[in-house]
Structures are given as C-alpha cells and as structure tokens.
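Reading through the structure tokens given below for one structure.
The values are calculated or read from the model by the stated rules, or taken from the named source; none is laboratory data. Values in this document were obtained by computation on a predicted structure and should not be read as measured data. So basically every Cβ, Gly included, is an ideal-geometry build from the backbone, and we count neighbours across all protein chains shown. Please note that ligands, DNA and RNA were not included when accessible areas were found on the heavy atoms of the full protein model with its side chains. Shrake-Rupley method; radii C 1.70, N 1.55, O 1.52, S 1.80 Å.
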Amino acid sequence: MSRAMPLFSVIPGETINTLIQQHRGRIVDIVRAAYLDHELGQTINPDSYFLRFEDNPSSRIIALPAALTGDTRLSGIKWIASYPENIQHNLPRASATLILNQYDTGYPYACLEASLISAARTAASAALAANVLGPDSRHARKIAVIGAGIIARNILEFLIDQDWRTDELAVFDLNPQDAARLAAHGQKLGGYRGVVAASLQEALDDADLVVLATTVATPYITQPDAFKAGQLVLNISLRDIAPELVMAANNVVDDIEHCMKANTSPHLAEQKYQTRSFVNGTLAQVITGEATLDHNKPTLFSPFGLGVLDLAVGHFVYEQATANGQAQQIPNFFAETQRWAHEETANA
C-alpha cells in the first residue's frame with residue numbers, strides 16, 4: 001500500500017470559531033457517534049497526562065493522546081493549559097492546540113487552535129446528555145447555571161441551538177458581573193428570561209436542568225437535599241458534588257475508568273464507599289438502551305472528557321476548512337520528504 005507524506009496545515013481560531021457557529025448541530029451528531037464508537041472499542045483513549053508546577057499549584061497543562069480506529073482513522077493529541085488565575089486578568093482560563101496525525105504513517109497533517117474545539121466538544125457533550133437524559137420536549141421550567149465562564153457560555157449556546165427552551169435562566173457565579181453577562185447572553189441569543197441568582201441555593205431551587213461549570217477543586221454542594229427527583233445535573237466541572245449526593249443519584253459518565261480518577265466527585269464516592277455500583281452506565285449505554293435510570297432520583301452526568309471527542313470534532317473542522325480554502329498550508333514544513341533521493345537509490 002502506497003504511503004504519501006501529507007501537506008501540513010494550520011487552522012487558526014477565527015476560522016474555527018466561524019465553523020463551530022455554523023455547525024453546532026453537526027458537532028453534537030459527531031460527538032454522539034464518537035461516544036458510540038468508543039463504546040464499541042473503535043477508539044484508543046489512554047489516560048491523560050498532567051504537567052503540574054510546584055510554584056503554581058492551581059495551574060496545569062494536560063496532554064490527551066487518542067486515536068479513532070473505525071471508519072475514520074486518525075490519531076492525535078490535544079495539549080491544553082488550564083490557568084485559573086488568568087481570569088483575574090480578563091484572559092480565558094484555557095488555551096490549547098490540537099495535532100492531527102495520519103493513522104498509517106504517523107505524520108502530522110494539521111495543527112488547530114483547540115481551546116475552541118475543546119469548549120465545543122464539551123458543550124456538545126453536555127447538550128447531547130441533556131437531549132438523551134432530559135425530557136423529550138426539551139423544555140425546562142428553569143435552567144440553573146453555576147459558573148459563568150466560557151464553558152458555560154458554550155453550553156448555553158449549544159442548548160439554544162438544540163432548541164432547548166426554558167421559562168427562566170438562573171445564573172450564579174462568585175463574580176455577579178459575570179453572572180449578569182451570561183444571563184444577558186442567554187436572553188439575547190435564546191430569548192431566555194435571564195436572572196442573576198443571589199445564592200447557590202436560589203439558583204438550584206426548582207431547576208429542572210442544572211449546569212455545573214466551575215473551576216473548583218473540592219465539593220461545595222453538600223446539602224443532602226440539594227438535588228431533587230427527576231432533576232438533571234450536567235456535572236461538567238466534575239468536582240462540585242459531595243460523595244453522599246453522588247450515591248443518592250443516578251450516575252451517567254462518558255467512560256467509567258477515566259471518570260474514576262483525579263478526585264472527581266464519582267471518584268471521591270468510589271474512594272469513600274469502596275464501590276462503583278452507583279454508576280448506572282455510560283451515556284452511550286443509555287443511548288443504546290443498555291443502561292436504565294430510576295426517575296425517582298436526580299441524574300448526574302459526569303463526563304471526564306475524552307480525547308477522541310477532540311479528534312472527531314477537530315477532524316471535521318479540518319475537513320470543512322480545507323474544503324472552504326480556509327486551511328493555511330505551510331510549505332516545506334517537512335525538511336525531508338523521502339528517506340533516500342531517487343538518484344542516490346539508483347546509484348547505490
């Protein structure tokens with residue numbers, strides 16, 4: 001089988017942002033397909049690798065290597081930095097790059113600005129979970145959003161794109177100005193009646209759909225009655241909820257092994273109770289009917305975040321940008337395009 005060295009392209013953030021806005025629905029479908037492929041074993045998704053700093057313990061850079069091995073075959077890695085203190089300087093918390101590699105040769109063929117891709121695949125995952133685990137009507141009397149950052153904004157945009165409706169959008173953030181901005185964004189984009197909640201409890205009260213999108217490292221939602229039967233909680237930030245509440249709920253994850261790491265709320269519950277029996281299954285298993293839920297309990301969706309989602313969404317963005325002539329090719333990126341020159345081989 002002939003193998004060819006690829007052209008190398010760079011896809012900048014401005015192009016990616018436009019493509020994401022144009023194709024949110026398609027991205028939700030891509031994430032759904034990637035989850036199902038992952039469930040079928042048609043992916044490779046090893047553990048993430050964390051680079052931490054003794055003099056800056058709140059910050060980290062994470063490497064997520066992965067491969068798609070089904071109908072679409074490629075490998076790659078996302079390198080994403082999380083620096084929470086950036087927000088104090090009006091900088092986004094996260095920055096990232098994504099490298100896509102040919103599956104057969106290993107050669108990289110694209111580098112993409114990936115903070116947007118990471119946010120989009122996270123938001124698409126949340127919207128998909130809302131569609132699968134929430135009411136068929138896609139109507140919530142109240143949506144509560146805890147944490148008013150970029151991830152929350154993206155989730156809200158994807159929910160609106162997926163035709164989710166609500167009578168009230170309640171936003172709570174330690175910075176009331178950020179909460180007001182997100183509430184106004186929901187009102188402008190989706191016609192939601194946005195309000196700023198004065199407290200966490202005020203936001204959670206009577207909410208059918210809860211979005212947790214904070215940067216906290218340890219649980220702060222500890223009240224036994226914090227969640228109610230039938231409530232859907234998108235536990236995107238993973239570490240907000242005390243183990244006792246995890247045990248009292250339905251629990252749906254993206255990947256059980258991955259989610260039981262790094263002191264996520266499900267991981268804390270496993271450590272405390274020495275069992276994983278509280279996990280009902282993966283989102284893919286709910287989609288296929290292999291996992292069932294008790295509707296007399298609240299439901300928590302806790303996605304650890306799989307690198308295969310970044311690859312799937314990143315490859316789609318690459319294909320769209322290439323087809324539209326928006327990919328910036330880098331001539332002579334590879335110094336050597338042949339192992340031996342033809343004339344040297346002929347004279348050997």
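Taking the chain as the reference, fit the longest principal axis to its C-alpha atoms, fit the long axis of helix 150-161 to the helix C-alpha atoms, and give the angle between the two in degrees, 0 to 90, nearest 10. For 150-161 against the chain, the angle is about 80 degrees. Is the stretch 44-186 best put as rounded, prolate or oblate by its Cα gyration tensor, with a ≥ b ≥ c the root eigenvalues, rounded for a/c under 1.5, and otherwise prolate when a/b is larger than b/c, oblate when not? It is oblate, given that a/c is not under 1.5 and a/b is not larger than b/c.
In summary, the aspartates and glutamates within cross-link reach of K78, defined as a Cα separation below 15 angstrom excluding same-chain residues under 8 places away, comprise D47, E113, D310. Spin-label pair R52-R26: with each label point 7 Å from Cα along the Cα-Cβ axis, the two points sit 4.0 nm from one another. Each peptide in 274-283, 85-94, 126-135 gets a packing score, the mean of other Cβ atoms within 10 Å over its residues, and the list from highest to lowest is 126-135, 274-283, 85-94.
The share of accessible area on the stretch 70-123 that comes from carbon and sulfur is 51 percent, using a 1.4 angstrom probe.
Between the Cα long axis of helix 13-22 and the first principal axis of the chain there is an angle of about 60°, rounded to the nearest 10.
Under 5 Å from the amide H of R165 lie the amide H atoms of H139, A140, each residue being 5 or more positions distant or on a separate chain, with H modelled from the backbone and absent for Pro and chain starts. Here the chain carries DSSP beta bridges of which approximately 50% are antiparallel, counting only pairs with both residues inside. Taking a ≥ b ≥ c as the square roots of the Cα gyration tensor eigenvalues, the stretch 138-206 comes out oblate, since a/c reaches at least 1.5 and a/b does not exceed b/c.
Whenever you get a sec, compute what percent of the accessible area on the stretch 139-267 sits on carbon and sulfur atoms (1.4 Å probe). Walk me through the numbers on the way to the answer.
Numbers: 2590 of 5040 Å².
Result for the stretch 139-267: 51 percent of the exposed heavy-atom area is carbon or sulfur.
Surface exposure of the stretch 270-320, expressed per residue as accessible area with a 1.4 Å probe, stands at 41 Å². Summary of packing: across the peptides 306-314, 5-13, the per-residue average of other C-beta atoms within 10 Å ranks them, highest first, as 306-314, 5-13. Applying the criteria of a DSSP loop state and at most 12 other Cβ atoms within 10 Å to the GluC sites (Glu not before Pro) of the stretch 241-334 yields E290. Surface exposure of the stretch 78-131, expressed per residue as accessible area with a 1.4 Å probe, stands at 39 Å². Partner lysines whose Cα lies under 27 Å from the Cα of K228, excluding those fewer than 8 positions away in the same chain, are identified as K142, K261, K272, K297. All Cα-Cα distances of the stretch 14-56, cut into 5 Å bins from zero to the largest, leave 5, 17, 13, 13, 14, 17, 12, 8, 2 percent in each bin in turn.
For the pair A81 and A341, label points projected 7 Å from Cα toward Cβ lie 4.1 nm apart. With the simple model of a label 7 Å out from the Cα in the direction of the Cβ, I61 to Y273 spans 3.9 nm. Can you compute the FRET efficiency between D225 and S137 using 1/(1 + (r/R0)^6), with r the Cβ-Cβ distance and R0 = 22 Å? Round to the nearest 0.05. It comes to 0.25. Sorting 16-27, 108-119 by average packing, meaning the other beta carbons within 10 Å per residue, from highest down gives 108-119, 16-27.
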